[in-house]
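Asks: The structure follows.
The values are calculated or read from the model by the stated rules, or taken from the named source; none is laboratory data. Source: prediction; values computed, not measured. Cβ: placed from backbone, ideal geometry, glycine included. Neighbour counts: every protein chain shown. The protein model used for the area step is the full one, side chains on, heavy atoms only, and it has no ligands, DNA or RNA in it. Shrake-Rupley method; radii C 1.70, N 1.55, O 1.52, S 1.80 Å.
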Amino acid sequence: MRGSGHRDWMFTGACVLAVAMIVGAYSNSFQNSFHFDDSHVVVGNVFIRSLKNVPRFFRDATTFSSLPANQAYRPLVTTTLALDYALGGGLNVRQFHLSQLAMLVLLGVAVFFVFLRLMNMAAEHWWNHWAALLAATLYSVHTTATETLNLIHVRSELLSTLGVVGSFLVYLYLPRSRRAYLYLLPMIIGSLAKTPAVIFAPIFLAYLVLFEERLSLPDLFTSRSWPSVRTAIWKSLPALLVGVGLFMFIEAMNSPTLVPGGGSRMEYLRTQPFMWLHYARLFFVPAGLSADTDWTLIPHWYDARVVAGLLFVALLLRILWSTS
């Protein structure tokens, strides 16, 4: 009993230290000025200057930005910006950064509990708490995440990711709520910050296949796994349908003047594998970080960067195949 209590105290202290590390990592950024898209999403956005406009945020995408070409439907982001404007008594940059940091800490806590449950499902060990804490802390302080803290408008990423992780938290820790599909609520709320929150649906399907049905990728190519695959698809179907519905709804709510960047879909498709390789490199060697690179879309399939990216994707698939 004494040993168990001692470990509990040590772990509590480690949690406090982890939060202190996260706060300390960003403590010198509280006075950073507004940059890039902050100019039209925050500084030049007259709608965030009154909380009376909050209901309008959810029905009018033009309230998101003072630039017509950037008026996407992200009412949750605009609502939090209006709250910061009110709490800070205007464009008090410190207040906006404090809120951003609070979102990161909350996300880190959520990531910890998701990691812990998944590790315990794989195999219960006393050190799972420590492994989950290490993973969540690294996730929170890693330098590749600095853009989401230093650029105020990029809180859309934090909020949408909270929606994804929050849906897993509700599903994993509140099993009685599954029958009412309450685990879909965080995804729905997160999508009001940015549509990538709907990625919860396919990730949820992968979770059901790998963890609840306990299938590996090679198993998926055998006929004996089909009943389990059907079960997983059936369980994930509500999330998939709601995700598709949300995506279509948000696309319809975007301002007609919105001009999405990124070029054509084909150019985007060619470029993405190399970008995945780039971010994988940054994860292990975070050198050369920039919030505004001069990279352009890759114009041809035979470009060496496309080949490198596709080889990297093939390597990832091979790793997934052998470790699943």
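Asks: So, Arg56, is that one modelled with pLDDT of 95 or more and open to solvent by 20 Å² or more (accessible area, probe 1.4 Å) or not?
Replies: yes
Asks: Continuing with this model, one more query. Test Leu87 against the stated conditions and say whether it is in contact with a Phe, Trp or Tyr (Cβ under 9 Å, 6 or more places away or on another chain), without any contact (Cβ under 8 Å) to a residue 40 or more places away in the chain, of a type outside the set (D, E, K, R) and open to solvent by 70 Å² or more (accessible area, probe 1.4 Å).
Replies: No, not satisfied.
Asks: Then there's this: Just wondering, is there one or more residues in the range 139-147 that are under 19 Å from Leu116 (Cα atoms), of a type in the set (Gly, Ala, Ser) and assigned to a helix (DSSP H, G or I)?
Replies: Taking every residue of the range 139-147 in turn, at least one turns out to be under 19 Å from Leu116 (Cα atoms), of a type in the set (Gly, Ala, Ser) and assigned to a helix (DSSP H, G or I).
Asks: Does Glu213 satisfy the criteria of being closer than 25 Å to His153 by Cβ and acidic (Asp, Glu)?
Replies: Here the answer is no, as Glu213 does not meet what is asked.
Asks: When you look at Ser324, is it modelled with pLDDT under 95, surrounded by fewer than 16 Cβ atoms within 10 Å (Cβ to Cβ) and among the hydroxyl-bearing types (Ser, Thr, Tyr), yes or no?
Replies: Answer is yes for this residue.
Asks: Restricting the search to the range 249-268, which residues are under 23 Å from the mean Cα position of the chain (by Cα) and in a helix (DSSP H, G or I)?
Replies: Passing the criteria: Phe249, Ile250, Glu251, Ala252, Met253, Arg265, Tyr268.
Asks: Tally up the residues in the range 114-134 that are surrounded by 13 or more Cβ atoms within 10 Å (Cβ to Cβ) and not aliphatic (A, V, I, L, M), please.
Replies: So the count comes out to 6.
Asks: Please find, within the range 297-312, the residue that is most open to solvent (accessible area, probe 1.4 Å) out of those that are within 19 Å of Arg281 (Cβ to Cβ) and part of a loop (DSSP other than H, G, I, E, B).
Replies: If we take residues in the range 297-312 being within 19 Å of Arg281 (Cβ to Cβ) and part of a loop (DSSP other than H, G, I, E, B), then Asp303 is most open to solvent (accessible area, probe 1.4 Å).
Asks: If you don't mind, another one. Just give me the residues in the range 22-37 being surrounded by 13 or more Cβ atoms within 10 Å (Cβ to Cβ) and not β-branched (Val, Ile, Thr), in sequence order.
Replies: Answer for the range 22-37, where residues must be surrounded by 13 or more Cβ atoms within 10 Å (Cβ to Cβ) and not β-branched (Val, Ile, Thr): Ala25, Tyr26, Ser29, Phe30, Asn32, Phe34, His35, Phe36, Asp37.
Asks: So, one more: State whether the residues of the range 38-48 include one that is out of contact with any Asp or Glu (no Cβ under 7 Å at 6 or more places or on another chain), closer than 21 Å to Ile152 by Cα and open to solvent by 80 Å² or more (accessible area, probe 1.4 Å).
Replies: yes
Asks: Please pick out the residue among Leu237, Leu282, Leu215 that is modelled with pLDDT under 90 and not β-branched (Val, Ile, Thr).
Replies: Answer to the check: Leu282.
Asks: Out of everything in the range 261-274 that is touching a residue at least 24 places away in the same chain (Cβ under 8 Å) and among the charged types (D, E, K, R), what residue ends up being least open to solvent (accessible area, probe 1.4 Å)?
Replies: Only one residue tops the list, namely Arg270.
Asks: Then there's this: Which one of Leu258, Leu246, Leu277, Leu315 is open to solvent by 90 Å² or more (accessible area, probe 1.4 Å) and of a type outside the set (S, T, N, Q)?
Replies: The unique qualifying residue is Leu315.
Asks: Quickly run through the range 176-212 and pick out the residues that are farther than 25 Å from Phe57 by Cβ and open to solvent by 40 Å² or more (accessible area, probe 1.4 Å).
Replies: Across the range 176-212, the qualifying residues are Arg176, Arg178, Arg179, Ala180, Tyr181, Pro202, Ile203, Leu205, Ala206, Leu210, Phe211, Glu212.
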